[in-house]
Structure formats: structure tokens, C-alpha cells
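Inspection log for the structure reproduced underneath, given as C-alpha cells.
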Amino acid sequence: MSHPREPSIADLPPEHEHDDRQRTVEVNVGAITETIQVEKCKLVVVDGPSTGLELIVAKNIVRIGANEKNDLLLQDNTVSRFHCEIRHIGDDYLLVDHDSTNGTYVGNLRVREAFLYPNCEMLVGNSLIRFVPLVEEIPVYPIKRSHYGSLIGGSPRMRDIYGLVDKVAPSELSVVVQGETGTGKELVARALHEHSRRSRRPLVIFDCSAFPENLLESELFGHEKGAFSGAIKTHRGVFERAEGGTIFFDEVGEMSLAVQPKFLRALENGEIRRVGGERTIRVDCRVLAATNRDLETMVEEGTFRQDLYYRLAKVRLTMPALRERTEDIRMLVEHFLGLLRERQPTLQPRGFSVDAIEAMQDYDWPGNVRELRNVVERSATFCEDELIALGDLPADMQARLGRPPRRSPLVAEVELGTGLKEAKERMVALFERDYLLSLLEQHNMNISRVAREAGIDRRHVYRLMRKYDIELPERES
């Protein structure tokens, strides 16, 4: 069989370059683009033992060979187990031979690396494969629902988010989720993974800000036993642990410049090497990232690599702050209160008053949804009424709203000038007495029921009653 005779990389002009920037789609909530372009490639076996075999795939690395772990599996005994691969880099597709026995040809030239062009043919062993790049236009529409995965909210801003996540999730596009702290960036990553083809494989969450620079490389790529002082056993990094699944790199803007080049190579080549190791390990995982910093500004300042930014940000999504979607607050409050009641069935409050909800909608929420959840849990824990009122909201929140906080009834019974230790003991005693009286009244003085709900034994109930001079009615025995 003659080799196909098409121009090779050697025939391309020297100015042939790629630019990742052309492949970045910025999706700011509230201004969703009508379509997202998903780049795919089609491989068609036009000659050889597997003639007629086709593969359409949207992956950054497409592996070809005789081993079943390859994307394009060839039934050809002249093809090596991991013969070659096609890497999608920027606008280009790079063919890389893996020291195969019978070589990889483009045109009449045996190549180690070569950029592919539309409809060119490559010879892999005795199999002739045609390469066809494709671009799929995917329309994005808002989804009219009040939640998506663990994301909660029915506002137009959130419905835009749901529509985008629904379209991007099945693809292999890398996504950078930007937004203030507490806006739910990790929840977006979880939704992307759960609705992807990789959902049955691991989702590994890695906080780039949690490790000092000298440990970051080891955590990313792993290390061999004895690689450095303290390396008492082999350690698998996040790329290995996420094999076949998804890695979510939180606070990616905190990654040091020294580690960024190695990180980029792992993304582009799909290969890593453990610290202190010599063996190259192939990895297959989708990458998602999040940051509360402006990566574009960091690129301009030289603190974040431009090529890494465009490799990560094939789609860029900005989560809205809670103050920008205040119509979701009531729904979020009900959701968080429901979760708290599942953990604490005896919780007294059943909801929030209208005044409390309105106050929360007027608040600026510097900590966003995370702060809202904290406020719900604090208010519900200390409220003794059916509805959580405006005065039950945390004092620091009321101060920011310009409202004088209501003084707690317990605090009101502690005299001014009382020392902290004595005041604390006094408040605990007041709480114990009020709590016990409330349960006794609620259960008609039935000691067994009181003990069961309080999670203590009957003897402890009697001890507390004696401590606070609480007596049973004579009709009780």
C-alpha cells in the first residue's frame, strides 16, 4: 500500500503559529452568548484492517493504538499498543508519534511531530486514517427552573447559569468559574461533573491556596518514595487520583509562577512525572478551575501565564454576587432552614418573618451565599419562636443594616459589670432552666419524653429539676 502524499509540517511556512486566545469563550452571566463553539475532530479509517471505523471526539488529547485504553482502537498487528496521539493545542491539532515500531506518516514523511490540516491522511502501521476537524455550534438558552444540581435560585441570572452548565457539561471544554467568595463556584464545578460523561469517575477537588510552593508540585503530580526528606512512601498526585474523571482546581490564581509551566505541560500533553520519578504516566481527566481574582489582570501584570490562562479558560463563567440576585434569598433561606431541621428535628423555628426576609434582601452580603447560610443557622439555633424575627438576626448583620440589635433576653438578665466567666455561667444556667421548663410543658411533665427529646437520661432530668427547684405536680408520681 502506497503512502498518502500530502504536504507535511515541513512544508508549512515558518510563521505557522497557534493562538489559544481565539478559542476562549467568555460567558458573563446576564450576557450569555447565543452559541458555544465546541471543536471536535473526526477520524475515519479509509484503508487497513479496521476500514470504515469512525470516531468523532471532542478531547484535548486523542490516543490511537492497539491497546483498548486508546480512543481510536485499531485491530492492526502493525500498530503499536500506544502508537500515537493527536493533541489539540490552541487552533491546531498536533500529531505526536510515541516511538512506534512501524512509525507514523503524514504524506510520504515519517514524523515524530506534525501539525495536521483538514482532510489530511496519516498512516499508522498499515491503517490509513483521514483527519477531519469539526466545529459544532451549540445554542445556549436559559433553563426555567429553580435549581440545578446543588445550585439554588430561580432568578434570571441563575437560569442563565443553568442553561450554560447544561450545554457545557457534556463537552470536554475546560471552564474557569469566576466570582466573589461564597457565590457557589464549587457547586458549579460539581454540576458540570455530575452532568458530564465522566460522572461515574472521580471528582477531585484541589485547593491551590492550601499548599506552600515547595509542596504544590508533589501534590499535583505525586512523588516517589525517598524523593525528598519525609517522602516515606509513594504518593499519587491529583492527576492520577482523578484518572478518567474531573479535577476542580479551586483558587487557581494562587498557583505560583514556578509551578505553572509544569502544570501547563501536564494539561497539554496529558502526561505527568512524579517528583523523583523517571517514568512518564499518561493521565486522562477534565480540568475545571475557579478563582475570585481577575486572571486577565494577573496575566497583564505577569503573575499568571497567558498560555495557561487560555488553556484553562475555554469557557469563562462569572457567578453573580448574592446582592445581584436578591429575589433568590427567600428560596435559599427556606432551603438552608430545611437542611438544618433535617439535622435538628426539634428545632423550634419554622420560617422567617416578612420583616426579616426584607432586611436580608436589603443587606449587601459581602460573604454571599455562604454568609447567608451561616446567618440562617445562627438565627434558627438561638430563636425560641415559630418565626425568626428581624431582631433575631445576628447583631453584626443588623449593625451593617444600621438597625439597633435587639438585646437577648438572657443577656438582659446579666447585670452590667459582670465578669465574662460569671456572666457565661449565669447565661448557661438561665438557658438550662428555660430549656427544661419548655420541654416539661411541651410534654405535659412526662419525664421519659423530656429525656428522650433532650438526649439525656431520666436521672439527669431529675438532677436538673432539683438544681432549679422545679417540682412535679402532686398528681405525677
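The values are calculated or read from the model by the stated rules, or taken from the named source; none is laboratory data. Everything numeric in this text was worked out from a predicted model, so none of it was measured. Counting neighbours? That spans all protein chains shown, and the Cβs are built from the backbone with ideal geometry, glycine included. Accessible surface is based on the protein model in full, side chains and every heavy atom, while ligands, DNA and RNA are left aside. Shrake-Rupley method; radii C 1.70, N 1.55, O 1.52, S 1.80 Å.
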Which links in LYS69/LYS262; LYS167/LYS314; LYS144/LYS167; LYS40/LYS314; LYS42/LYS167 stretch past 19 Å when you go from one Cα to the other? LYS69/LYS262; LYS42/LYS167
Work out from phi, with θ = phi - 60° and the Karplus expression 6.51 cos²θ - 1.76 cosθ + 1.60, the ³J(HN,Hα) of each residue of the range 376-391, listed in order in whole Hz, and give x for Gly and Pro. 4, 5, 5, 5, 5, 5, 9, 7, 10, 10, 5, 10, 7, 8, 4, x
Distance between modelled label sites at LEU134 and LEU215, nm, 7 Å Cα→Cβ extension: 4.6
So which trypsin sites (Lys or Arg not before Pro) in the range 222-327 pass both tests, a DSSP loop state and at most 15 other Cβ atoms within 10 Å of the Cβ? LYS225, LYS233, ARG236, ARG279, ARG293
Residue-level accessible surface for ILE281, protein heavy atoms, 1.4 Å, Å²: 20
HN-Hα J couplings of the range 264-270 from phi, Karplus 6.51/-1.76/1.60, θ = phi - 60°, integer Hz, Gly and Pro as x? 4, 4, 5, 5, 6, 9, x
Karplus ³J(HN,Hα) for the range 173-187 (6.51 cos²θ - 1.76 cosθ + 1.60, θ = phi - 60°; Hz, whole; x = Gly/Pro) runs 4, 7, 10, 10, 9, 10, x, 5, 4, x, 8, x, 5, 5, 5
Label model pair ASP91, ASN374: point-to-point distance (7 angstrom along the Cα→beta-carbon line) in nm is 4.8
In the range 261-301, which GluC sites (Glu not before Pro) fall in coil by DSSP and have 14 or fewer other Cβ atoms within 10 Å? GLU278
Within the range 109-173, which trypsin sites (Lys or Arg not before Pro) sit in a loop by DSSP and count at most 11 neighbouring Cβ atoms inside 10 Å? LYS144
Quick one: length gained pulling GLN37 to TYR141 fully straight, 0.36 nm per residue minus the C-alpha distance? 36.0 nm
Report the local net charge at ASN126: Lys and Arg +1, Asp and Glu -1, summed over other residues whose C-beta lies under 14 Å from its C-beta. -3
Accessible area (Å², 1.4 Å probe, nearest 10) - VAL140: 10
Most positive-pole-ward Cα, LEU151, ALA189, PHE211, against dipole of the range 131-225 from beta carbon charges: LEU151
Using just the helices of the chain, give the 222 nm mean residue ellipticity in deg cm²/dmol: DSSP H runs with n ≥ 4 each add -39,500 (n - 2.57), and the total is spread over all residues, rounded to 500. -9000 deg cm²/dmol
Reachable aspartates and glutamates from LYS424, Cα under 17 Å, same-chain residues fewer than 8 places away excluded? GLU413, GLU415, GLU432, ASP434
Would you kindly state how much longer the chain becomes between GLU342 and ARG273 on full extension, computed as 0.36 nm times their sequence separation minus their alpha carbon distance, in nm to one decimal? 20.3 nm
Taking H placed 1.01 Å from N in the peptide plane, check which residues at least 5 places from GLY184 or on another chain put their amide H under 5 Å from its amide H. none
What do you get for the angle between helix 458-467 and the principal long axis of the chain? Use alpha-carbon atoms, 0 to 90 degrees, nearest ten. 50
For VAL46 and LYS233 in one chain, what is 0.36 nm times their gap in residues minus the Cα-Cα distance, to one decimal in nm? 62.5 nm
Amide hydrogen neighbours beyond the local backbone of ILE205, cut-off 5 Å, H modeled: PHE248
Label-to-label distance, nm, for residues given as ASP294 and GLN75 (7 Å Cα→Cβ offset): 5.8
